[in-house]
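Asks: The following block contains the structure, expressed as structure tokens.
The values are calculated or read from the model by the stated rules, or taken from the named source; none is laboratory data. Fair warning: this is a prediction, and the values are worked out from it, not measured in the lab. Note that each Cβ is placed from the backbone with ideal geometry, even for glycine, and that neighbours are counted across all protein chains shown. The protein model used for the area step is the full one, side chains on, heavy atoms only, and it has no ligands, DNA or RNA in it. Shrake-Rupley method; radii C 1.70, N 1.55, O 1.52, S 1.80 Å.
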Amino acid sequence: MKLDNAIDRSLAEHPIFSTLSKEHRALIAGCAKLKVFQAGDIIYREGQPADQFYLIRHGRVGLETYVPGRAPIIVDTLGEGDPVGWSWLIPPYRTHFDARAIELTRVIEFDAACLRGKMDADPSFGYAIFQRMTPIIATRLAAARRQMIDLYGRPSDRGVAWR
């Protein structure tokens, strides 16, 4: 099987991209390649340039945040079909978490600069991508908030009224 076919098929079957036109999926596929991470591999570190994002084809990825004096806290665990990374969409294009492969993980890697360039050149394509990525951003931020509440407790747990 050709790599292009695997990427095209994955995009056509994926809920986020399946409703895009064939032309728009071709624009995305032109910025993509297949990649594999071994268990424990760091995919990216918090604060690094967000030059790529990923779509998990197989495996699991942990999103982690550093806490001084403690082991990293897993904010979210992502699996097959989940996109990894959204910081590539929002200036200054820096990652907000660490991402680590929990097990052997196969992904489609997208070149963020390539995709941003195509989004700028074709505003209808750019809007379509933003429509699909915005719910992911909201979901990830909510997951991070829930994890922090679980970790530190609600303010009322520490004698402060919850508003």
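Asks: Given a 10 angstrom Cα cut-off, can you work out which residue in Arg146, Arg70, Arg94 is the most mobile in a GNM of the chain?
Replies: Result: Arg70 has the largest fluctuation of those listed.
Asks: Spin-label point model (7 Å from Cα, Cβ direction): what's the Ala138 to Arg94 distance in nm?
Replies: 2.7 nm
Asks: Roughly speaking, what is the stretch gain from Ile42 to Ser21, that is 0.36 nm per residue apart minus the C-alpha to C-alpha distance, in nm to one decimal?
Replies: Full extension from Ile42 to Ser21 adds 4.2 nm.
Asks: Could you sort the peptides 51-57, 63-69 by per-residue average Cβ neighbour count (10 Å cutoff), highest mean leading?
Replies: Going from most to least packed, we get 51-57, 63-69.
Asks: Rounded to the nearest 10 Å², what accessible area does Ile102 have for a 1.4 Å probe in the complete protein model?
Replies: For Ile102, solvent-accessible area is about 60 Å².
Asks: Now, a different point. Please compute the per residue accessible area over the chain with all protein chains in place, 1.4 Å probe, rounded to a whole number of Å².
Replies: Accessible surface, normalised per residue, equals 55 Å².
Asks: Roughly how many Å² of Glu13 are accessible to a 1.4 Å probe, to the nearest 10?
Replies: Taking all protein chains as shown, Glu13 has close to 130 Å².
Asks: Considering the Cα positions of segment 32-72, please state its Rg to one decimal place and its Dmax as a whole number of Å.
Replies: 12.2, 38
Asks: Between (i) 1.13; (ii) 1.02; (iii) 1.21, which matches Cα Rg over 2.2 N^0.38 Å calculated for the structure shown?
Replies: Read-out from the structure maps to (i).
Asks: Shifting gears a bit: To the nearest 10 Å², what's Leu89's accessible area with a 1.4 Å probe?
Replies: Leu89 has an accessible surface of roughly 10 Å² with all protein chains in place.
Asks: How far is it, in nm, from the label point at Tyr127 to the one at Arg145 when both lie 7 Å from their Cα along the line to the Cβ?
Replies: Roughly 2.8 nm, to one decimal.
Asks: State, to one decimal in nm, how far the label point of Ala12 lies from the label point of Lys33, with both points 7 Å from Cα in the Cβ direction.
Replies: Distance between label points: 2.4 nm.
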